[in-house]
Amino acid sequence: EHLSIAYSVFNPSQYLGDYTASWQWKDGVYMRYMNGEPHVTKEGNQITANNIVVVSVPHRDIVNMSDLHWRTEMDLVGSGEALFLRDGTSFTGTWRRPTIQDHFEYMVAGQPYNFAEGNTWIQIVPD
């Protein structure tokens, strides 16, 4: 199983480039890559995860024109589509978070999603 997510990076005055974050199932874990190269920690270890969750949420770009700072606002309350990767297999489902105080709920086929043991990487993308 392989997952790639392409991003473009901008600020109000210039285009800063594109990059691709990807995950490859290998040796029982998902290995993270950035632009095709292993994504490593400062210690040099490749980032891995047992579970990947891709959450689609509404995004809005906001620019402060007084200092030309750019930020992205994401709606993390509500519900939407989600993609789950576990054990080399992908599952489509949904996420739900009724209020900012609530935890995210993840569902596949109307049932709570069962994560594999280990760590989880949550990737947020525009819907």
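Kindly evaluate ALA109 against the criterion of being among the small types (Gly, Ala, Ser), touching a strand residue (DSSP E or B) at 6+ places or on another chain (Cβ under 8 Å) and on the phi > 0 side of the Ramachandran plot.
yes
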task = Would you point out the residue of region 74-116, among those that are touching an Asp or Glu at 6+ places or on another chain (Cβ under 8 Å) and among the charged types (D, E, K, R), that is least open to solvent (accessible area, probe 1.4 Å)?
result = ARG97
message = Please go through (1) in contact (Cβ under 8 Å) with a residue 12 or more places away in the chain; (2) within 24 Å of SER8 (Cα to Cα) for THR92 and return the number of the only condition it doesn't satisfy.
response = (2)
request  = Give region 88-102 a look and list any residue that's closer than 18 Å to SER22 by Cβ and not β-branched (Val, Ile, Thr), or say none.
outcome  = GLY88, SER90
request  = Find all pairs meeting these conditions: Cβ atoms under 9 angstrom apart; at least six residues apart or on different chains; first residue within region 27-40 and loosely packed, with under 12 Cβ neighbours inside 10 Å; second residue part of a loop (DSSP other than H, G, I, E, B).
outcome  = GLY28/ASN50; GLY28/ASP87; GLY28/GLY88
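The values are calculated or read from the model by the stated rules, or taken from the named source; none is laboratory data. It should be emphasised that the depicted structure is a prediction, and the values quoted were computed from it without experimental measurement. Please note: Cβ atoms are built from the backbone with ideal geometry, for glycine as well, and neighbour counts cover all protein chains shown. Accessible surface is based on the protein model in full, side chains and every heavy atom, while ligands, DNA and RNA are left aside. Shrake-Rupley method; radii C 1.70, N 1.55, O 1.52, S 1.80 Å.
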